[in-house]
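Structure, as structure tokens:
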Amino acid sequence: MAVSTIPQPVKPLVDSLGARVGNLETGATGLGTRVGNLETVINNFLIDGSLPGSAGFHNSIFRGKSLGGSVTEAQYAAIGAGTFDGLFIGDYWTINNVNWRIAAFDYWLNHGDEGHVCQTHHAVIVPDTCLATSCEMNSTDITTGGYVGSDYYTASNSNTGKATAGAAITGAFGAEHILTHRELLTNAITDNLASAWSWYDCMFELMNENMVFGSSRGGGRPQIGINYNIGNSNAQFQLFVFSPNYISIQAPYWTRDINNEHNFTNVNAGGEGNAVGASDTTVGGIRPEFAIKA
Amino acid sequence: MEVTIIFKDGTEMAAEKNGTCFILPQKPAFPDDLSEVTVESGEDTRVYRNAVLTECASVDGRCWFTFTEESALEKTIRELREANDMLTECILEMSEMIYGE
């Protein structure tokens, strides 16, 4: 039916509908422009870092961008100021053939015992690969003394895991840029469980299960043992929250939780939490956490 | 944090507290009676009843230790285990006496 033949009572309704469609088209065009503007704004923010400068904001965006082969002075300044301009979760530097990936911002800020509270802005780094392999936690399958009592921690019984990892970290960033912070670490075992903790100065440590999985798995037995394993490092790194694929690196690595009097926990090559004898060198990977500062 | 540890026999030790651990320059002779151990700081007082002493890993040569409390159930289990161990020894000794091995 041609428009001209529309019965007179209906024609005003059709005309009105046509006008509304026209308005809708205009509105949609305007909306498209606004979306385009928003994209530009977001892109500009991501590129020039003019987003709100806070750890909370930068912890909430995964980007995964390569930041080059070294940390620039501007990047260190942004970390020092706590603005983290141009830095986002998942971004990484490739130094000495290792991808050093940002896992969290200001993770330990305000943590610490009296007189040792962390007040330094920092970016937590976790390497994409193990810094040492075929390492054991202890020379026999014991967990006496907890994590702090292990051969790995004390570099006893010819255990070179910690020294090797430390050399790789300081070689990449320089010791002056590694944050010394306080963590509660297990140092005793009673009745098959971690049973005590103390505050220690830490530059780099094995991750606990909570940092990786967001909960305790291999070490997750009676609550009291879990508490000691978690300590003050009690939140999952944002890297693993937003992109869990970074948990698995197709190679096993140790985590520092006590499973029982024989086993430490680990993340195996398939990415699941596990617990194995402390002297098992087939687990062996050292993939530590640490933080860089200005 | 500095604390004073007071044992039931009156022995007192001034120690440093770190987390759940206490730290002394060197390992002391702990009293045998740990039925009541009081830890006083400037802020509060904690009393451990039927305390169990656990030596912790030391990273600096000093003596690190902690106390936990033995629950009634844990106490019963421990006493049963001790009784069982004693009975086992008796049976083995009697076996040696009878069979000469």
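Looking at the protein assembly as shown, how many pairs of lysines come closer than 24 Å at the Cα, when each pair is eight or more places apart or spans two chains? Going through the protein assembly as shown pair by pair, I get 6.
Averaged over the residues of A:174-186, the number of partner chain Cβ atoms lying within 10 Å of the residue Cβ comes to 1.
Placing unit charges on C-beta atoms (Lys and Arg positive, Asp and Glu negative, everything else neutral), compute the dipole magnitude of chain A about its Cα centre in debye, rounded to 20.
The calculation lands at about 880 debye.
Cβ-to-Cβ counts within 10 Å put B:Thr76, A:Thr160 in ascending order as B:Thr76, A:Thr160, the fewest first.
Over the whole of B:61-71, what's the average partner chain Cβ count within 10 Å per residue? Rounded to a whole number, please.
Per residue, the number of nearby Cβ atoms from other chains is 2 on average.
Taking amide H positions as modeled 1.01 Å from N, with prolines and chain starts lacking one, the residues under 5 Å from A:Ile125 and 5 or more places away or on another chain are A:Ala103, A:Phe290, A:Ala291, A:Ile292.
For chain A, modelled as a GNM whose springs connect Cα atoms under 10 angstrom apart, the maximal fluctuation among A:Asn232, A:Asn138, A:Asn97 occurs at A:Asn97.
Would you mind counting up the charge near B:Ser35? Only other residues with Cβ under 12 Å from its Cβ, with Lys and Arg at +1 and Asp and Glu at -1.
After counting each charged neighbour, the total is -3.
Output the relative contact order of segment B:1-70, whole-number percent, from Cα pairs under 8 angstrom with separation of 6+ residues. Across segment B:1-70, relative contact order equals 30 percent. Listed values for segment A:129-137 are Karplus-derived 3J(HN,Hα) couplings in whole Hz (6.51 cos²θ - 1.76 cosθ + 1.60, θ = phi - 60°), namely 10, 6, 8, 8, 10, 6, 9, 10, 7, and x replaces Gly and Pro.
Near A:Ser195, the amide H atoms lying under 5 Å from its own belong to A:Asn187, A:Ala188, A:Ile189, A:Thr190; only residues 5 or more places off or on other chains count, and H is placed 1.01 Å from N. Highest GNM mean-square fluctuation among A:Gly115, A:Gly68, A:Gly174, for chain A modelled with Cα contacts below 10 Å: A:Gly115.
Amide H contacts for A:Ser139 (H built 1.01 Å from N in the peptide plane; partners 5 or more residues away or on another chain; cut-off under 5 Å): A:Asp151. Eigenvalues of the alpha-carbon gyration tensor of segment A:96-292, scaled by 5 and square-rooted, set the equivalent ellipsoid semi-axes at 22, 19, 17 angstrom, largest first. Coupling constants for segment A:242-254 follow from the phi torsions by the Karplus curve (6.51 cos²θ - 1.76 cosθ + 1.60, θ = phi - 60°), and in residue order they are 7, 9, x, 4, 7, 5, 8, 10, 6, 8, x, 9, 6 Hz; glycine and proline get x. GNM remark for chain A: springs join alpha carbons under 10 Å apart, and the peak mean-square fluctuation among A:Leu13, A:Leu24, A:Leu87 falls on A:Leu13.
All of the numbers you see were taken from the coordinates with simple rules; none came from a lab. Please read all numbers here as calculations on a predicted model, not as lab measurements. Don't worry about glycine lacking a Cβ; one is built from the backbone with ideal geometry, like all the others, and counts go over all protein chains shown.
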